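Structure record follows, encoded as structure tokens.
The values are calculated or read from the model by the stated rules, or taken from the named source; none is laboratory data. Bear in mind that the values here come from a model prediction, so they are computed numbers and not experimental data. Quick reminder, even Gly has a Cβ in these numbers, built from the backbone with ideal geometry, and neighbours come from all protein chains shown. Just the protein is used for accessible areas: all its heavy atoms, side chains included, with ligands, DNA and RNA removed. Shrake-Rupley method; radii C 1.70, N 1.55, O 1.52, S 1.80 Å.
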Amino acid sequence: MADEAPFQFLHSEVIEYIYKSADSGEVENGRNITKLENMGLRVGQGLIERLTKDTARFKDELDIMKFICKDFWTCVFKKQIDNLRTNHQGIYVLQDNKFRLLSHLSAGKQYLEHAPKYLAFTCGLVRGALSNLGVKSIVTAEVSVMPACKFQVMIQKS
Amino acid sequence: MTVHNLYIFDRNGNCLYYNEWNRKKQAGISKDEEYKLMYGMLFSIRSFVSKMSPLDMKEGFLSFQTSRYRLHYYETPSGLKFVMNTDLSVSNARETLQHIYSNLYVELIVKNPVCSSAPSLDSEVFSSRLDAFIRALPYYSPRAA
């Protein structure tokens, strides 16, 4: 993770590619967002294996979430999550006030409708990381004012 | 001490961005014609300067001055041209233009996937940061000289 620029450019290109190669009839977001999320899933799984190969086992779910917020986020985005909230019943909200992949897009409301595309990959990333740590989850993201955004993680008890 | 206006041209001559801060007199022609005039002049001056230079040239055309204003020019290796008109008290704006390129343009436009290389730059954050940057320059003051 020497430099952010290659990853950011590649990420933007992946999104462009997915949207362009979708059949011209379906510009609907659903399929494309799912494809991006699945990509993020695989990447997240591999990344977390690599990052945790020397760390001790995690005590509980909260510890796992804290790891994601600090070390994992620092590794990928060079900064930590700004705010982590939970209801202690399996829902966690990670807030990033200056999300790296959005800060070049706009600082406010312009281009808001494009924002979900840029968050899908990261949602998959978090979901993949959690899944390889043994936690099944659903991750969604919402953005109201760029570049701040919130990732909501819902743990699935099986 | 002031900055009058700023143009950004791409390598084909399209004006990507224009903004003015303290311009007292307009050119009397439409904006499109003004951009073409500016670009044509720059193109001619650059080739003139390189042909007529009595020594080996390093940077080429940098700036010209009149009795009321000075025009500063900065061209990037990728063919992007930054042109800034300031008053006479500013002798060298090259670093400013270079900063505008590397910290504002590259960060906010090049890295912005939604701003494809269309003939114009729509990014609001670029406009507002550029505006803030110009106003914060040591040689900028709201009252024109």
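Some notes on this structure:
- Its Cα centre serving as origin, the range A:1-112 has a Cβ charge dipole (Lys and Arg +1, Asp and Glu -1) of approximately 300 debye.
- Loss of accessible area when B meets A, both sides summed, Å² nearest 100, probe 1.4 Å: 1100
- Low-density loop cleavage sites - GluC sites (Glu not before Pro) in the range B:1-59, where at most 12 other Cβ are within 10 Å (DSSP): B:Glu59
- Split the accessible area of the range B:1-139 by element, probe 1.4 Å, and carbon with sulfur accounts for 52%.
- Expressed per residue, the C-alpha convex hull volume of the protein assembly as shown stands at 184 Å³.
- The calculated FRET efficiency for the pair A:Arg31 and A:Gln156, based on their C-beta separation and a Förster distance of 30 Å, comes to about 0.85.
- Taking 1.306 mPa s as the viscosity and 10 °C as the temperature, the Stokes-Einstein diffusion coefficient of the range B:3-136 based on its alpha-carbon Kirkwood radius rounds to 101 µm²/s.
- Trypsin sites (Lys or Arg not before Pro) lying in DSSP loop within the range A:53-150, provided at most 16 other Cβ fall within 10 Å: A:Lys53, A:Arg57, A:Lys59, A:Lys78, A:Lys79, A:Lys98, A:Lys109, A:Lys136
- For chain A, the longest site-free run once GluC sites (Glu not before Pro) in DSSP loop states with at most 10 other Cβ atoms within 10 Å are removed: A:29-158
- Hits among aspartates and glutamates - C-alpha to C-alpha of A:Lys66 under 13 Å, sequence gap 8 or more where chains match: A:Asp82
- Within 10 Å of each Cβ in A:106-112, the average number of Cβ atoms from other chains: 5
- Based on protein heavy atoms only, the protein assembly as shown ends up with 55 Å² per residue of surface accessible to a 1.4 Å probe.
- Over chain B: helical MRE at 222 nm, DSSP H runs n ≥ 4 each giving -39500 (n - 2.57), nearest 500: -9000 deg cm²/dmol
- Relative contact order %, chain B, counting alpha carbon pairs below 8 Å whose residues are six or more apart: 31
- Mean shadow area of the range A:4-155, taken as a quarter of the surface of its Cα convex hull (nm²): 9.0
- Over chain A, dividing the summed -39,500 (n - 2.57) contributions of all DSSP H runs of at least 4 residues by the number of residues returns a 222 nm mean residue ellipticity of -15000 deg cm²/dmol.
- Cross-link pairs beyond the 27 Å C-alpha cut-off, checked among A:Lys150/B:Lys111; A:Lys70/A:Lys117; A:Lys109/B:Lys24; B:Lys51/B:Lys81; A:Lys20/B:Lys31: A:Lys109/B:Lys24; A:Lys20/B:Lys31
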